[in-house]
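Have a look at the structure below, then the notes.
The values are calculated or read from the model by the stated rules, or taken from the named source; none is laboratory data. What you are looking at is a predicted structure, and each value in this text was computed from that prediction instead of being measured. Neighbour counts are summed over all protein chains in view; Cβ atoms, including those assigned to glycine, are modelled from backbone coordinates with ideal geometry. Accessible surface areas use protein heavy atoms only, side chains included; no ligands, DNA or RNA. Shrake-Rupley method; radii C 1.70, N 1.55, O 1.52, S 1.80 Å.
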Amino acid sequence: QVQLVESGGGLVQAGGSLRLSCAASGSISVRKTMDWYHQTPGKQRDLVASTTSGGSTNYADSVKGRFTISRDNAKNTVYLQMNSLKPEDTGVYYCSTYLGLRRYWGQGTQVTVSS
């Protein structure tokens, strides 16, 4: 069974840090392009960070310098280190990737940043 399972969300004060994890299982390897998305109620999911199979990374302007995407191939897990958190970072974070032509999503993890 193909699965992406996020964890690590929670409540944090502005300026704090969290590290999100996304564990992949089944036919998905995190050695490929992996993405983290952010969604708030009533809005679309926005791409905040991605990493390619070659190790390149890309970040949304809103998180550059604060968020870092990384992966542990041995654990088949991708991470999102979130520093200097702001209230506008509040929302559900999803990891995602393609397997063939189908995009897979995890169930999401809630991040709440209080001011």
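Shown for segment 57-96: the carbon plus sulfur share of the solvent-accessible area, taken with all protein chains present and a 1.4 angstrom probe, equals 43%.
On segment 1-47, 45 percent of the accessible area sits on carbon and sulfur atoms, based on a 1.4 Å probe.
Pairs of Cα atoms nearer than 8 Å and 6+ residues apart set the relative contact order; for the chain it is 35 percent. Which of these, Arg31, Arg71, Arg102, has the largest mean-square fluctuation under a Gaussian network model of the chain (Cα springs below 10 Å)? The residue that fluctuates most here is Arg102. Near Ser29: Cβ cut-off under 13 Å, other residues only, Lys/Arg at +1 and Asp/Glu at -1. The net charge is +3.
Modelled spin labels at Asp72 and Leu99, positioned 7 Å past Cα toward Cβ, are 2.1 nm from each other. Scalar couplings 3J(HN,Hα) for segment 82-94, obtained by applying the Karplus form with A = 6.51, B = -1.76, C = 1.60 to θ = phi - 60°, are 10, 10, 6, 5, 10, x, 6, 7, 4, x, 9, 10, 10 Hz; x denotes Gly and Pro. Largest first, the three principal axis extents of the alpha carbons in the chain are 40, 27, 22 Å in whole numbers. In the full protein context, the chain carries 53 Å² of accessible surface per residue, based on a 1.4 Å probe and ignoring ligands, DNA and RNA. Overall, the anisotropy analysis places segment 63-108 in the oblate class: the square-rooted eigenvalues a ≥ b ≥ c of its C-alpha gyration tensor yield a/c not less than 1.5, with a/b not exceeding b/c. Of all lysines in the structure, those lying under 19 Å Cα to Cα from Lys86, and not within fewer than 8 positions of it along the same chain, are Lys43, Lys64.
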